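Worksheet: one structure, shown below.
Just so it is clear, none of the values below were taken in a lab; they were calculated from the coordinates. Predicted model only: the values in this text are computed from it and were never measured. So basically every Cβ, Gly included, is an ideal-geometry build from the backbone, and we count neighbours across all protein chains shown.
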Amino acid sequence: MGLQSRGGRGLVRRAAPADRAAVDAAWHVLEAANELGDEVTVAACRRVIDASLNGAVADHADQKLVIDYFR
């Protein structure tokens, strides 16, 4: 983890980039959840994907939902 300046708003803790396999899983789950109309899962997938794009760590509950979706 590192610290980065955020436009005069202080330092923000950044995590190492998310595991690519986890982000790929989030995209697959997002597609399935969209087809099923599962709004809660769609929102969780979007948060996981957004966090990975921003170099942040996604919420543990969102990650667990994505990982366990097809189980």
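A simple spin-label model places pseudo-atoms 7 Å from Cα toward Cβ; at A22 and K64 they are separated by 1.4 nm. Each peptide in 32-40, 59-67 gets a packing score, the mean of other Cβ atoms within 10 Å over its residues, and the list from highest to lowest is 59-67, 32-40.
Against the 2.2 N^0.38 Å scaling, with N counting residues, where does segment 32-71 land? I'd like the Cα-based Rg ratio to two decimal places. Walk me through the numbers before you get to the answer.
Details: Rg = 10.0 Å, N = 40, 2.2 N^0.38 = 8.9 Å.
Compared with the compact-globule rule of thumb, segment 32-71 sits at 1.12.
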